[in-house]
1. Can you tell me which residue within segment 177-213, out of those that are closer than 19 Å to Cys269 by Cβ and β-branched (Val, Ile, Thr), is surrounded by the fewest Cβ atoms within 10 Å (Cβ to Cβ)?
2. Please count how many residues of segment 99-154 are at pLDDT below 85, within 22 Å of Phe72 (Cβ to Cβ) and among the charged types (D, E, K, R).
3. Is there a residue being among the basic types (Lys, Arg) and crowded, with 19+ Cβ neighbours inside 10 Å anywhere in segment 425-439?
4. Give, as residue ranges, the helices (runs of 4 or more DSSP H) completely inside segment 194-289 that count at least 2 residues that are without any contact (Cβ under 8 Å) to a residue 24 or more places away in the chain.
5. Among residues belonging to segment 79-89 that are of a type in the set (A, V, I, L, M, F, W, C) and closer than 14 Å to Gly51 by Cα, point out the one that is surrounded by the most Cβ atoms within 10 Å (Cβ to Cβ).
6. Consider only pairs whose beta carbons are under 6 Å apart and that are at least six residues apart or on different chains; among these, list those whose first residue lies in segment 404-422 and is under 18 Å from Val482 (Cβ atoms) and among the small types (Gly, Ala, Ser) and whose second residue is part of a helix (DSSP H, G or I) and at pLDDT 90 or above.
7. Which of the residues that make up segment 346-361 are within 16 Å of Asn389 (Cβ to Cβ) and crowded, with 18+ Cβ neighbours inside 10 Å?
Amino acid sequence: MSKLLFSPEFLASGYSHEFREFLSRIIQAKSKAEEKNQVEEELIHLSSKLGSSDPSTSKKMKEYLTRLIHCFMLGYSVDFSIIYAIMTTQSGESALDKRIGYLACTLFLQKNNELCIMLINTLQKDLQSQSYLDQSAALNAVCYLYHPEIPESVIDLVLKTMQVPKQVVHRIEPSLRQALNDQDHSVAFSALSVWKMILRKDFRDDILPAVCRINRQIIERRVHKSFNYHGVLAPWAQLDCLAIYEIYIRHNTHNESILMEIHQIIKECLNSILRKVDAAFAILLECTKLLGLLNTQEDTFDYLDSFLEASNHNLKYLGLLCLSFIDRDLWKEDWQKLLGKVILDSIDDDTVIQKTLELLDSVMSLGVLKKVSTDVLKAISKSDEKEMNELVGHWLIQCVNDYHIDVDEWYIDTMLYALAETRKYLDQTFVESQCQIIKTLLDEELIETKLKEMMVDLLYKLLKKSNTNVYSSSFTKLAFSVLGEYGYLSDQYTEIDFMNQLQKWVLLLEGDDDLQLIGLLAIKKCILRSKTWLSSLQPILKECQKSSVPEKQELYQELIQIINDDSFKKEIQESTVNLAQTLSINPNRPTTTIGRFSNYGNPVPKQYPRGIFNSNHNNPATAATMTSVHKKTRLEGRHNAEENLVSSLINMDLQDRLLMTTKEFGELWVTFEIEEKRKMPCFINECETLAQELSTSWDIQIVQVIGREFIAFHTFDVLIHVALFQHEFELTIRTRNNKE
């Protein structure tokens, strides 16, 4: 098609560059939705042009109508332009203008449209014209205009045209039977469209052989190349043949010989266009419709797989449209699974999705649902568009409820993932009702605990998966309740794991007192069962203390009593990130010593915060040794160093008071050559609280807290900078270069 746009014929046609741009955009559209946007924009533009009083409008009317015909052929309404098409047939400056006007009228005017009356005078005038081109255009239009007053007004004039010597006019009204056998293919093709309309009202048995002969001539390429349209020979004649075959199929449902003959030629017609495009797609659709009416084998439709798997959404839609005309008993088994993949690949195209869901509804069963559910869930997760997410999510949940009777692991897994991946797009009342159904089913499980255990593990994973408040409030409430009531059933996760996620989500739900209260109640249940509470609970309790909600105040008092009880153990949250890796050289280090501190020749082994750089921090013996060395280092200072007098005095002063000023920290920071950065999860909101926690757990000395950052040191060879962000902090450690 792109080659056609730049062919000499098109460039010499007189159509504007603007028209070529419109065609290019339509050709390049990747989906029906994108095509719709392009066409609607074009229709708005044409409407303003046609309605303007610009004198150039009449000169460009042929192009405007051609562009409108393109839009109409793509399936869009162009009713606003009918009056302009009629005006063009009356006042066209050339035969081509009148022909375009008539073509537009035959397409745009629906059956019994009152505006057809406005064409009667024009048709009568052109049928009596001395120009055979005007006569031909009028005769063509008469065949496609459906209004009760037109036949009576023009029948006599049409019959008189038989006396016109020009073949282009004469072929339109010969004896219709003889026309099918005419050696001129244009005459035979014209007769096909007439016989198609006659047979629908007055069926005759003896026309089929002539139609099959014409169709086989086209298939065997025994027609002139001038009938070639985008690589397909006489596509409109082939479509007329297929329409006539449909009439014979419906009238000869028990005549096996006729049905076999039709089946054979349809297969030949289909095979001749499978590797072609554009008009070939219309023939393919009609062939598929007819094969669906016949008793055919399942593998007959194998050619549809390539359309359903196509990356182009328009080809996908063609495949789906073909499927809709095939009896469901003739469907291949893998088509059901393939429809799920279509949803996954085309979740951004509402036209494809609507058609796919319609097809799935027509074959839906529990087996089909299980085949497509995985891909449908992936599609929901992938979609960030509310309309599509809501449509597909609601459809899946409704199907699960309609077709799944017994509650099992698949039911729980599918429902929870569907409710989670639809996020906050579904109607809140609908989500609440589904969550209530699931909760009731769990409560009814009195003896077995398998489903409860599975649900606990799954909800924990879903809460851990997100660090933002993306789930609906009803789903979050369900997750809190299940973890609080049944968390002890899990073999995979501990109560501490559950408290970690619950406390994270309580922080995420800031401002939602109801959900925070449910989350805190779940945390309380975990604490009572495990006899352990997490250190990160303290800042949450401080917020509860400030709350004006009586229930939160009451719960705060209960939790304070628990954590003050010596029988409950405090669990310090330490990072599990392993930083025992080779440190990289700081690329910004100075090449010479800066300030009062010189490089040391043989420093003692570097000491790092416990649990950060020491890969063996879980080994008690190693930890004891490192602690001993650490204390010894503080007392003995740095030996065997090449120090100048000023540095020696400063080092002695630092070691005496075991403190460091911000200025001293800065001067040391720029001289240290090795740097390492790490990001770690954190659910503490206040930087001072984080500094206190790390000071205790890592045994570091805080130099200064500034806003949401603080600086600290472990030994004078290890400097630390921490920046606090939402739900995480960034740790930067610098140390002196160890040349050994």
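1. Per the criteria, the residue is Ile207.
2. Looking only at that region, the number is 2.
3. Applying the first criterion (among the basic types (Lys, Arg)) to segment 425-439 yields 439.
Those still in the list that are crowded, with 19+ Cβ neighbours inside 10 Å too: none.
The answer is no, given that none of the residues of segment 425-439 is among the basic types (Lys, Arg) and crowded, with 19+ Cβ neighbours inside 10 Å.
4. Numbers: elements: 208-219, 235-251, 256-273.
Once the helices (runs of 4 or more DSSP H) in segment 194-289 are filtered for at least 2 residues that are without any contact (Cβ under 8 Å) to a residue 24 or more places away in the chain, what remains is 208-219, 256-273.
5. Our first condition is that a residue be of a type in the set (A, V, I, L, M, F, W, C); within segment 79-89, this holds for 80, 82-83, 85-87.
Now restrict to residues that are closer than 14 Å to Gly51 by Cα: 80, 82-83, 85, 87.
Details: Phe80: 14, Ile82: 20, Ile83: 13, Ala85: 26, Met87: 16.
Filtering first and then ranking leaves Ala85.
6. Ala418/Gly393; Ala418/Leu396; Ala418/Ile397; Ala420/Leu462
7. To start, the set of residues in segment 346-361 that are within 16 Å of Asn389 (Cβ to Cβ) comprises 346-350, 352-354, 356-357.
Those that are within 16 Å of Asn389 (Cβ to Cβ) and crowded, with 18+ Cβ neighbours inside 10 Å: Ser346, Ile347, Asp348, Asp349, Val352, Ile353, Thr356, Leu357.
Conditions (1) more than 22 Å from Asn314 (Cβ to Cβ); (2) within 12 Å of the chain's Cα centre (by Cα); (3) without any contact (Cβ under 8 Å) to a residue 12 or more places away in the chain; (4) not assigned by TED's automatic domain parsing to the domain that holds Val470, marked per residue:
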site	(1), (2), (3), (4)
Thr374	yes, no, no, yes
Ala379	no, yes, no, yes
Gly393	yes, no, no, yes
Gln398	yes, no, yes, yes
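The values are calculated or read from the model by the stated rules, or taken from the named source; none is laboratory data. Values in this document were obtained by computation on a predicted structure and should not be read as measured data. Here the Cβ is made from the backbone with ideal geometry for all residues, glycine too, and neighbour counts use every protein chain on show.
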